[in-house]
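Take a look at the structure below.
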């Protein structure tokens, strides 16, 4: 029974609200989103009403973010345990060693040796514990990063879309655009050689296509206004970043 088919008593939380279906969309909706069939993913009963909720969107992003972070979690855990240090420090040591080996710059050799010594030095926590905790932290950070990007960028796009005549509600907008997280699962293959970079680029482009179609579905904008709504926030961020860099450089020059 759907949550909307009966009267809710004040102070009562229906049991269905705690069911997993209230937090994650159905598999058919996820599959249709992956196939770029946003109409069936968002309005499977063709009633002109989006059945996906923002709560389900949050649950979907968290679930897929954790799933995408599993393989990187194992890779980072192995790296941290091999060095007996926190994963960021071990990763920095490996990256500097690779750069020093490739370019043969003395400064890079010195930085690589110092970082390796620091990674292998005695710490307050046992090495295996530092590696495990840092790996878990990086794993949890994957869905948190996805949620932050989804909310911040989505708010900007929704605001521009409203200025261009869209009438959709913000919750409906976020519910629809959460389906863009489905193709991002491919980014979890990043640690694999050769396949990883292709999967990351392909997943990002695929997610961009889903996001674009989802925004068009909920806003009803034509393609010109849609592209402006999607690109304008990024252009503003880049412009502000360039202005900030130029201001810092000007300040250093005057000093």
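Annotations
- Shape category assigned to the range 178-255 from the gyration tensor of Cα positions, a/c cut at 1.5: oblate
- Protection proxy ranking, peptides 182-188, 34-40, 135-141, average beta carbon neighbours within 10 Å, highest first: 182-188, 135-141, 34-40
- Peptides ranked, highest mean first, by Cβ atoms within 10 Å: ranges 214-227, 143-156: 214-227, 143-156
- For the range 24-76, the spread of Cα positions along each principal axis, largest first, Å: 46, 22, 12
Since every read-out is calculated from the coordinates, none of them should be taken as a lab result. What you are looking at is a predicted structure, and each value in this text was computed from that prediction instead of being measured. Positions of Cβ are backbone-derived with ideal geometry, glycine not excepted, and every protein chain shown enters the neighbour counts.
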